[in-house]
1. Express in % the proportion of alpha carbon pairs of chain B at distances exceeding 37 Å.
2. So which lysines pass the test for B:Lys154, namely a Cα distance under 19 Å, with those fewer than 8 places away in the same chain ruled out?
3. Between A:Leu160 and B:Glu75, what's the calculated FRET efficiency when r is the beta-carbon distance and R0 is 60 Å? Round to 0.05.
4. Between 0 and 90 degrees, rounded to the nearest ten: what's the tilt of helix A:97-107 against the longest Cα principal axis of chain A?
5. Nearest 500 deg cm²/dmol is fine: what mean residue ellipticity at 222 nm does chain A get from its DSSP H runs of n ≥ 4 alone, each adding -39,500 (n - 2.57), divided by its residue count?
6. Which residue, A:Leu154, A:Leu129, A:Leu29, tops the fluctuation ranking in a GNM of chain A built on C-alpha contacts under 10 Å?
7. Given springs between every Cα pair under 10 Å in a Gaussian network model of chain B, which of B:Asn196, B:Asn288, B:Asn106 has the largest fluctuation?
8. May I ask you to derive the relative contact order of chain A, considering only C-alpha pairs under 8 Å and at least 6 residues apart, and to give it as an integer percent?
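None of the figures in this text is laboratory data; all of them are computed from the coordinates on show. These figures come from a predicted structure and were not determined experimentally. Every residue, glycine among them, receives a Cβ derived from its backbone with ideal geometry; neighbour counts consider all protein chains shown.
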Amino acid sequence: MRKDYEIFFKHIKPQSKVLDIGCGEGEFLEILKNVYSCHAYGIDIESERVASALSKGLSVVQGDADKELQFFPAKEVAPEAFDYAILANTLQAMKHPKETLEQARRVSKKTLVSIPNFGFYANRLQLLLKGKMPVTKQLSYEWYETPNIHFSTLTDFIVLVKKVGYNIDYSYYITDSGVPRRFSPSTPHMANLFGRTGVFVLS
Amino acid sequence: MNQNTQEFFFGPSHRKVEIGDFITLCKNSEITLTSGAKISNFPVAYKTFGKLNEHKTNAILVCHALTGDQYLLGEHPVTGKPGWWEEYVGPDKPIDTNKFCVIVPNVLGGCMGSYGPKNINPKTNKPYNLDFPVITISDMVKVQHILIEALGIKKLASVMGGSMGGMQVLEWISKYPENVNSSIVMAASAKHSAQNIAFNEIGRQAVMADPDWCGGNYIAEGKYPSKGLSIARMMAHITYLSEAGLQRKFGRKLQNKSELSYGFDADFQVESYLRHQGMSFVERFDPNSYLYITRAMDYFDLAEDFGGSLALAFERTKCPVCVVSFTSDWLFTTEDSKQVVRALSASSSDVSFVEIVSDKGHDSFLLPDESLAKTISGFLSKLEL
C-alpha cells in the first residue's frame, strides 16, 4: 500500500464517513469501503476516472473540488457531515488549493493531507547544480506537461494550513527510502530537506 | 386485477392494435390529480422482464421518456421494432434480468394502453380527447406508486429513467423515499427550462395548427393530424441530437442524387432523415397524448413543491442516487444535472455523478455507450437485495 495511505489508516476510525477529494479511480475509497467499512465518498474532476470509480460501485461525484464542495453542508449544521476529508497527493494539482483546503475544513471534522515536498534535497540539488526544474521519481513530469501546477515545500504548506485556520494534529514526512517519520511543525527543517512527501492530520 | 387486452387506434389509417398486459387501478377509490381533477377505475399498461423474487426485493422500475413506452425489450406491437433499451436490459446486461425484475409502465396520459386521451370516456362512449384532465409528472408517479403497491412491492431495488423518465425518478426519490432503495437519473433536470418549454410549445402548435387535428377529435372525424405531429417530431428530433453528431452523420451529403434540385424536395440526407423520423412517429404516437405529455414536462418544477428549495425536496432522500449527464446534451445539460447533484449534496445524500463524453446529444442514454453500461452495472452491483 502507498505509504501515505498507511499513515492515513492509522488515523481513520472504521465505519466513519470519509470524503476523498481528487479520488481518481477510487483505489483509496475501495480500501476504505471494503476493509474499513467506511461510508466512502469521492470527488474527481475527470470523467473517465469517475466512470471507472462508479463501475466499481463507489459513490463519486464528478466536479471541480473548489467549486462543488461549497454545496456540501458545513460540519456545524450537518450531523451527517464527513468525519474525514482526504487530500491524497492531489492538492498540488488543484487550481485553487487554498479554497479547496478551506472547503475541506468547512465540511469535515478532520482533514488528512499528503503532499509532495518541493523542498526535498534532490529537488534542491537539481535546481542548484543543473539549473533545471526537478524531475524525480515522484515528480516525474517535465515542467510543460505536469498536472502538478502548485508546488510547495513542507514549510510553505505549514504556513498555508495555519492561514486557513487548521490545527496540525500530526505531521509526518516520508523519506526517499519510504520510511515515515514524525516531525514537529514548529521545526520542519529536517523534514523539509529529507522528506519527499509530507503527511498531515489537520483539524 | 385484470390482465387482458384493449384495442387502440394507431396512425393516420386508424389501424387497430391490441395492447396487452394492463391492470385496472383504484377500482373502488379515487385519486386527486395536481390539477384538482379526480380519476378512478383506470388502466395502466405495463411490462415486466425477469422474475420477482420471493420477498419482492429485486424490482427495478424503469420510467420511460416522452415518446417511450413499456416495450423496453422485445418486438413493439405497433412498429415491429426492437425495444428502446435493449442495449442495457436483459440477461447478463448492465440491468441483468437474471437478477432483477424490471417493471416498465406506460405513463399516465400515454398512448400505449395506460389511461390517456384516447381511452373511452364511459359518460360519452367516445375517446376523452381534450376532456382528459391535464396531468403532471407528479400524477404519473403517483399512479406508478399505486401500481407498485398493487403488485405487492414495498421497496423498489431501484428506480431509473432518462429525460422525462429522469424527472419521474426525481419525483420518486423526493416524494416516496421510503419505497426506493436506489435510483439512476439520466439526462434529466429538476425543472423544465424556458428553452425546453419553448420547443414543446412549437410542437404542440404544429399539431393543433393541422386542420386534421379537428380540435382533438380526429378519431371521431376519421382524420389524423399527420403533418402537424410529424413536424413536431422533426423539430423535437433535432433537439435530441447534437450539432457535431448531425455533422458527423450527414454533413452536407445529398440524398440519392449528385446535384442540387434547386427546389424544395429533400435534397440533403438530413432532410430526408428528419422526414422519415416524422412519418414513422405518426404511425405509433397519439397526437393528443403528445400534447398532454409535453405539457406535463413543462409543468415540472420539483423545487416549487418545497418552497423553491431543491435541497428541501431531497431532505428525506436517503437512497444512493446516480446522476448521469452527457457532454453534447444541450436539451438537459450537465448544468441541469449539477443542480440536482448539488441539492443532493446539500442534503447529505449518497450521490454520484458522471458527465459522460458523447457527441450523440440528449439521446445518448438510449444508445450504446460503454461508460454508461459500466456506470449502471457498477451502481447496481452495490445493492443488497
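1. 18
2. Output for B:Lys154: B:Lys47, B:Lys51, B:Lys56, B:Lys99, B:Lys142, B:Lys175, B:Lys318.
3. Approximately 0.40, to the nearest 0.05.
4. Relative to chain A, helix A:97-107 is tipped by roughly 30 degrees.
5. Value at 222 nm, helices only, nearest 500: -8500 deg cm²/dmol.
6. Comparing A:Leu154, A:Leu129, A:Leu29 in the GNM, the peak value goes to A:Leu129.
7. Looking only at B:Asn196, B:Asn288, B:Asn106, the largest GNM fluctuation is found for B:Asn196.
8. Normalised by residue count, the contact order of chain A is 19 percent.
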